[in-house]
Structures are given as C-alpha cells and as structure tokens.
Amino acid sequence: MDKEFGKIIMKCLRKSLPLVLTATLAGCVTSTQLEVEAGHVFDQMRAEMPLSNSLADRSYVKCVTRAIINQLEEPYASYDWDIELFDEEKINAFAMAGGKMGIFSGLLEVTENQDQLASVIGHEIAHVTRKHTLKKANQTIITQRAVAIGASATGASANATNVAATIAQLGLLLPYSRGHESEADVVGLKYMAAAGFDPRASVTLWTNMSKAGSGGPPEILSTHPSDQTRISKLAGQLTATLPLYNQAQAAGRTPNCRH
Ligand SMILES: [Zn+2]
C-alpha cells in the first residue's frame with residue numbers, strides 16, 4: 001500500500017477513532033463494531049480517492065462480484081456486499097470486514113479474462129466470509145496494547161499510537177497470515193467455480209503475477225506472496241474444484257461479464 005493511500009486511510013480513521021478506541025478499551029472489537037467502522041472508512045475512501053470513470057470496467061467488476069455472491073450461502077449471501085473500482089495504477093485489491101471491497105484499476109490490466117479477475121475477487125470474498133479481517137484485528141490489538149503501554153512509559157504521543165493501533169485493528173495495512181492466505185485461496189477457488197468461473201485461471205494469473213514485469217513486482221504480491229508453494233497448492237485444489245465448475249456450467253451458470 002503506498003504512502004498516499006496510507007495517508008487517506010489515516011485521515012479516514014481519525015474521524016472514526018472514538019468508537020474504535022472504546023472497542024479497544026473494552027478488550028477487543030466485535031464483528032459488528034468492526035463492520036460499522038469498515039463501512040465508515042470505505043465511505044471516506046470513496047469520497048477521497050479517485051474512482052474509475054469507465055462504466056464498462058465498473059460494470060465488469062460488479063458483474064463478476066455479483067455472480068460469485070449470488071452463489072454464497074447464508075449468512076454470507078445477506079452481507080452488505082459492496083465493491084468499488086478505484087482509479088489507481090497499482091495492481092492490488094482489498095477486503096474489509098462486512099463485505100466492503102476495493103479493486104485498483106491496475107488489476108484489470110493484468111487479469112486477462114473474467115476468470116482471472118474472479119480468482120482475485122473470490123479470494124477477497126473468502127477473507128471476509130472466513131472472518132480473517134476480524135481475527136487479524138483482534139490478534140493485532142494485543143500487540144498494539146503492548147506497544148501503547150511501552151509508548152506511554154516513554155512519554156510518546158498517545159494520539160499517534162492510537163491512530164496506528166486503529167489502522168492495525170482494521171487490518172487494512174498488514175498482510176494476512178500465510179494460513180489465512182491459504183484458506184482464502186482454497187475457499188475462493190470454490191466460490192469462483194460454483195459461480196461458473198474456470199478455477200484453472202487462478203493458477204495462470206498467479207504464475208503471470210509472479211513473473212515480475214518491467215515495473216517490478218505487482219503490489220499485490222507484498223500481501224499475497226506468489227511463490228511456487230502457493231501456486232502448487234492452488235493447482236492441487238483443481239481436482240476438487242473443477243467438478244464444481246462443470247456443475248455450474250451444466251446448470252447454466254455461464255457468466256459473461258466482459259463486454
Ligand atoms: Zn489474501
């Protein structure tokens with residue numbers, strides 16, 4: 001995540017600090033508290049970051065997302081899902097608690113087809129349904145409390161510490177654990193396949209991504225290390241997920257999102 005983006009998030013978070021601080025003092029944030037905060041932050045990001053003005057690209061992203069969400073079971077199907085396409089050259093995507101997701105337009109340059117885009121969106125949706133955002137937030141609070149205690153002992157600015165803690169709580173700037181990444185890969189593949197997107201595209205996409213282009217490695221690789229282990233694990237899931245894809249196709253779930 002670049003500095004400018006980080007600054008916007010800092011600004012957004014300051015506005016919603018009191019509620020999160022209350023949550024911190026109470027011990028840990030609940031799912032509902034985190035979802036409310038994520039919603040505020042997402043609204044602010046939308047207001048302050050440039051959005052893609054390509055109607056075709058926007059509807060493409062929404063179409064792929066909708067196709068996947070339509071196949072989710074409850075309670076996930078009833079989440080307040082929302083996705084925004086930010087006009088940002090970086091190749092990245094993110095998800096927040098409660099189903100707020102962002103795609104950077106740079107990602108559309110490297111995803112060669114709707115199946116590859118679906119592999120990223122399915123993965124992000126899985127981070128939300130598996131509550132990785134909440135787990136990471138609460139794990140991080142323990143660390144941040146130790147930092148805050150250390151900071152007050154040394155007389156450091158409490159406010160600065162709290163803002164940093166808040167960012168960490170929302171889990172926006174830190175990568176997920178390898179365990180969460182693997183789980184999101186496995187679950188995300190099932191989601192995309194059930195929606196009728198070819199899961200084999202995920203292996204192609206991450207293999208392409210791992211070959212650094214002239215501009216260096218895509219930013220998404222800083223949070224999604226696409227080494228051989230990860231790609232092999234993805235490929236190992238295909239036997240289990242291809243039948244889901246075939247069933248979806250047979251049932252008429254044949255999304256056609258790129259026009
Ligand atoms: Zn991930």
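Read the figures in this text as sums done on the coordinates, not as results from a lab. These numbers were taken from a predicted model, which means no experiment stands behind them. FYI the Cβ positions are ideal-geometry reconstructions off the backbone, even for glycines, and counts take in every protein chain you see.
Results, tabulated for the structure shown:
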{"quantity": "Sorted by Cβ neighbour density within 10 Å, fewest at the top, the residues Leu244, Leu107", "calculated": "Leu244, Leu107"}
{"quantity": "Full-extension gain in nm, Lys62 to Thr32, via 0.36 nm per residue minus C-alpha separation", "calculated": "8.3 nm"}
{"quantity": "Spacing of the two label points (7 Å from each Cα toward its C-beta) at Lys135 and Ser177, in nm", "calculated": "0.6 nm"}
{"quantity": "Footprinting exposure proxy for Leu51, Leu108, Leu234 (fewest neighbouring C-beta atoms within 10 Å first)", "calculated": "Leu51, Leu108, Leu234"}
{"quantity": "Ascending count of other beta-carbon atoms within 10 Å, so fewest first, for His123, His132", "calculated": "His132, His123"}
{"quantity": "Environment charge of Ala126, counting only residues whose C-beta is closer than 9 Å and scoring Lys/Arg +1, Asp/Glu -1", "calculated": "-1"}
{"quantity": "FRET efficiency for Glu74 and Ala240, using Cβ-Cβ distance with R0 set to 25 Å, rounded to 0.05", "calculated": "0.65"}
{"quantity": "Nitroxide proxy distance, nm - points 7 Å out along Cα→Cβ at Glu89 and Gln247", "calculated": "4.4 nm"}
